[in-house]
Amino acid sequence: MESFFGFCRRLSRNRLAVTGALIVAIVIVLAAVAPWISRYQPEAMSLASRLKPPCADHPFGTDEMGRDVLTRVLYGARISLSMALGGVIIGGTIGTVVGLVAGYGGGRFDSITMRIMDVALAFPSILQSILIITVLGPGLQSVVVAIAIFCIPVYSRTVRGAVLSLKEMEYVEAARAIGRTETGIMFRHVLPNTLPVLIVQTSLMLASAMLVASSLSFIGLGAQPPTPEWGAMLASSRAYLRTAPWVSVFPGLAITISVLGLNLLGDGLRDLLDPRLKQ
Amino acid sequence: MGAYALKRILQLIPVLLAVTIVVFTVMKVIPGDPARMLAGELAPLEQVEAIRKELFLDKPIIVQYWHYLSGLLRGDLGYSYRSKRPVSEEIAARYPNTVKLALVSICIAIVLGIGTGILSATKQGSWFDTVSRLVSMLGVTVPTFWLGLMLMLIFAVRLGLLPTMYTGSPKDIILPAFTLGLNSTTFIARMTRSCMLEVLRQDYVRTARAKGISERIVVLKHALRNALPNVVTVVGLQMGSLLGGAIIVESVFAWPGIGLMMVEAVAFRDHPVVCGTVLVAASALVIVNLIVDLLYAVLDPRISYR
């Protein structure tokens, strides 16, 4: 297997992946150092300075409550990233295990779970999320659960596909010949080899998850005011589109740049790790 | 072809049944008593019990599902908690608006997407190709609701050319349809470009050119026809994202379709309306996918023999 440094060297030669990784790294760093960059609190209101256009004190202007838009965009990155990451980690883990067991074990479990996944995939992610939020009620946790649930069929289908070819490899046969248990082979030999597919899938799913999370907050089903979440900020900015367009511009740009970074990184990683998927 | 169509239609039944099971399960796990919600907070217990009996809520779950399913076949989706009217009537009043929006959007996406894809492929490496590929990349990253707000800011607020919200005028559909269609345009353009590039390298295209056939006919008649099956698949897949996107776009522009109805129903905890609209939207998607599959077989007859 290629060393980590060898992979990094190849990665650094892929312009798409490098640009994507840089954008994602900048977003993460900005989210982490938000309290040091901004001297305002994201939820601190100042009615005296409401709807101020961008100026030296407020580079992105202020919103209808006099809150600094730059501060809210920076803190918003923390919420948007955590929602997307939380949902993808939970859904990805469950989906990977289901796909691994279904693909490796085959039989009735495989056919039943894959039919269930087909039904889940028949629902667009936003419809699925709305159904889940109807049951759980609006809020950040519900969005994380909704993202996790729409990730499960995607991961299980992808991992199952990879496992079906991996389980026919000679090293699996060799492991069986030296007396390894089937569970041991599945988790110690097959699972690590699905890593390239998982890495690519995760970067692309994070982008979709961010879009779904912000869409849900925009329609009032995700983060609730005054939480500084990008979709929720855009929802409350709609009423001021005519008088204060900057309140709508910056959170949207933040979503677009983050999703662009994740997509570029995902595409670049896919070209490196799984060139068959390029088409 | 007939046997293939019949097989695909029969395959539709279990999927639709599964969709009803999902929606029914969600209705059952939603907290709260549907009979109490319909009767009202202050209604006497006898009235609540009467409604419970009428809706078969006192029966075992399998019996309830059977009544739900037979009700669906008669077009009965239950009653709205808010308006107390049948959900099917409310959906019937607003569904045509969503269909209109989706159709106009997909038409925009097909015309712009295929047109851009063909031009990009025939002028590979030109500035047009570079710009269209850049726009395609951005098109999949820009959130639909933000794109809608920005188009509204430019064309409605700044230039005053179009209305910001639904007013009943024919001009109302332009901004929502473009917002909804632009994302699909980028996918269709990407697929058309890559399929056309592949087809344009084939021997029969070279032969057609060697025979002296004009470039326009080579591209539109010989190459496009063979690139079309893959493009149709993407168009079909886009119908799913259009449906999802319609929920958001309808909310941005207050477009009175079932997407906006669904969002309002979630906010008002009007669960029968949420489940009814989700069921209709998911079933519509499954049926659209079937139509795309059949169309695919018409465009590429080898499919029906596999």
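The values are calculated or read from the model by the stated rules, or taken from the named source; none is laboratory data. Not measured: the values here are computed from a predicted model. Neighbour counts run over all protein chains shown; Cβ positions are idealised from the backbone, glycine included. Surface areas here come from the heavy atoms of the whole protein model, side chains and all, with no ligands, DNA or RNA. Shrake-Rupley method; radii C 1.70, N 1.55, O 1.52, S 1.80 Å.
Details
- B:Pro301, sole failed condition from (1) open to solvent by 20 Å² or more (accessible area, probe 1.4 Å); (2) in contact with a Pro (Cβ under 7 Å, 6 or more places away or on another chain); (3) not β-branched (Val, Ile, Thr): (2)
- For B:Ile213, the conditions (1) assigned to a helix (DSSP H, G or I); (2) farther than 22 Å from B:Gly245 by Cα all hold with the exception of (1).
- Enumeration of residues in region B:253-268 that are more than 17 Å from the chain's Cα centre (by Cα) and at the interface with chain A (Cβ under 8 Å from one of its Cβ atoms): B:Val266, B:Ala267
- Residue that is nearest to A:Gly137 (Cα to Cα), among those in region B:254-291 that are open to solvent by less than 10 Å² (accessible area, probe 1.4 Å) and among the small types (Gly, Ala, Ser): B:Ala265
- Tally of residues being open to solvent by less than 10 Å² (accessible area, probe 1.4 Å) and either on the phi > 0 side of the Ramachandran plot or basic (Lys, Arg) (or both) across region A:44-71: 2
- Enumerated helices (runs of 4 or more DSSP H) restricted to region B:22-125, each holding at least 1 residues that are open to solvent by less than 60 Å² (accessible area, probe 1.4 Å) and within 14 Å of chain A (Cβ to nearest Cβ): B:34-39, B:87-122
- Within region B:169-225, restricting attention to residues that are within 30 Å of B:Leu149 (Cα to Cα) and without any contact (Cβ under 8 Å) to a residue 40 or more places away in the chain, the residue that is surrounded by the most Cβ atoms within 10 Å (Cβ to Cβ) is B:Ile174.
- In region A:9-32, the condition of being in contact with a strand residue (DSSP E or B) (Cβ under 7 Å, 6 or more places away or on another chain) and open to solvent by less than 10 Å² (accessible area, probe 1.4 Å) is met by no residue.
- Taking each residue of region A:121-150 that is within 11 Å of chain B (Cβ to nearest Cβ) and among the hydrophobic types (A, V, I, L, M, F, W, C) and looking for partners that are assigned to a loop (DSSP other than H, G, I, E, B) and surrounded by fewer than 21 Cβ atoms within 10 Å (Cβ to Cβ) with beta-carbon atoms closer than 7 Å, six or more apart or interchain, yields A:Val135/B:Ile30.
Condition check ((1) surrounded by fewer than 24 Cβ atoms within 10 Å (Cβ to Cβ); (2) of a type outside the set (Gly, Ala, Ser)) across all residues:
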{"residue": "A:Thr202", "(1), (2)": "yes, yes"}
{"residue": "A:Ser208", "(1), (2)": "yes, no"}
{"residue": "A:Val212", "(1), (2)": "no, yes"}
{"residue": "A:Leu216", "(1), (2)": "no, yes"}
{"residue": "A:Met233", "(1), (2)": "no, yes"}
{"residue": "A:Thr243", "(1), (2)": "yes, yes"}
{"residue": "A:Trp246", "(1), (2)": "yes, yes"}
{"residue": "A:Leu253", "(1), (2)": "yes, yes"}
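- Scope region B:264-294; condition farther than 30 Å from B:Val231 by Cβ and in contact with a Gly (Cβ under 7 Å, 6 or more places away or on another chain); matching residues: B:Ala267, B:Pro272, B:Gly276
- So B:Val249, is it within 15 Å of the chain's Cα centre (by Cα), more than 8 Å from every other protein chain (Cβ to nearest Cβ) and open to solvent by 10 Å² or more (accessible area, probe 1.4 Å): no
- Test: residue in region B:270-283 that is part of a helix (DSSP H, G or I) and among the charged types (D, E, K, R): no
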